[in-house]
Amino acid sequence: MGKIRGFFFSDMKRYLLIFLSLFLVNCNGQDKKTKPLTNQKMDKNNLEYATLAGGCFWCVESCFHMLKGVESVTSGYSGGHKDNPTYEEVCTGTTGHAEVVEIAFDPKIISFKQLLEVFWFLHNPTTLNRQGNDIGTQYRSAIFYHSDKQKQEAEESMKESEAKAEWNGKYVTEIVPFKKFWSAEAYHQGYYDANPNQPYCSAVVGPKIQKFKKHFGELGWLNEKVEH
């Protein structure tokens, strides 16, 4: 009887340890995914840059600007062969540029991979040269990496997002080296904030921003000044 009881308690102890180990692993994984960003002061002397193409820049500029750790977001053009292109030229699809946002951020507050989590959330990376009704190579999905580290993290992030089936289909996002960024015309900067009632903004941009604010607001990633 003593041996049976001993085996029983030994097995119970082993199963309990296994259960606790799995519980801790799951909790740790969840913490890494949903951990709120800190409210520490930004170090403007050690900013890094991310250059991302997720369709029309009006749709993503405002969202990235709401994140903790982001110093600035500038709409512009990258990936083309013409110097200092105009919006009209880029819209023809003949300059090779994509509409992008250049994000200056403090990596001690928000990491490049966390920015990419937002990037995958904000656009559909499975549609080639298209976002919704915006069609053309200028609306392609692309990550213009600034370092080998960014390249590696971009490749990892894309595989992780695709594996989780966050979007239905194969990702077609380009991961290419950054070469040059051209700032878009002044009227494009902060376009949604200045023109929320413009038909495209109210029909497309506005709903996307509300969805973004709800999701990342619950995660604690947004600046305190952002109204939820």
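The values are calculated or read from the model by the stated rules, or taken from the named source; none is laboratory data. This one's a predicted model, so the numbers in the text were calculated from it and none came from an experiment. Methodologically, a virtual Cβ is constructed for each residue, glycine included, from the backbone with ideal geometry; neighbour enumeration extends over all protein chains shown.
Anything in the range 134-152 that is over 17 Å from E61 (Cβ atoms), touching a residue at least 60 places away in the same chain (Cβ under 8 Å) and surrounded by fewer than 18 Cβ atoms within 10 Å (Cβ to Cβ)? List them, or say none.
H146
Name every residue in the range 62-82 that is in contact with a Phe, Trp or Tyr (Cβ under 7 Å, 6 or more places away or on another chain) and not in a strand (DSSP E or B), in order of residue number.
Of everything in the range 62-82, those that are in contact with a Phe, Trp or Tyr (Cβ under 7 Å, 6 or more places away or on another chain) and not in a strand (DSSP E or B) turn out to be S62, C63, K68, G69, G79.
Taking the range 88-115 only, how many residues are free of Cβ contacts under 8 Å to residues at least 60 places away in the same chain and not in a strand (DSSP E or B)?
So the count comes out to 11.
For the subset of the range 164-192 comprising residues that are outside any loop (DSSP other than H, G, I, E, B) and either of a type in the set (S, T, Y) or modelled with pLDDT under 95 (or both), which member is farthest from V205 (Cα to Cα)?
S183
Within the range 61-78, restricting attention to residues that are under 20 Å from K211 (Cβ atoms) and charged (D, E, K, R), which residue is surrounded by the fewest Cβ atoms within 10 Å (Cβ to Cβ)?
This residue is K68.
Please specify each residue of the range 173-203 satisfying the condition of being closer than 20 Å to A98 by Cβ and charged (D, E, K, R).
The answer is E174, K179, K180, E185.
Do we find that P85 is at pLDDT 95 or above, buried (at least 19 other Cβ atoms within 10 Å of the Cβ) and assigned to a loop (DSSP other than H, G, I, E, B) in this structure?
Yes.
Being closer than 20 Å to A50 by Cβ, free of Cβ contacts under 8 Å to residues at least 40 places away in the same chain and surrounded by 12 or more Cβ atoms within 10 Å (Cβ to Cβ) narrows it down to one of E155, E166, E218, so name that one.
Only one candidate passes the filter, namely E155.
If you take the residues in the range 177-215 that are under 20 Å from Y87 (Cβ atoms) and among the charged types (D, E, K, R), which one is surrounded by the most Cβ atoms within 10 Å (Cβ to Cβ)?
K180
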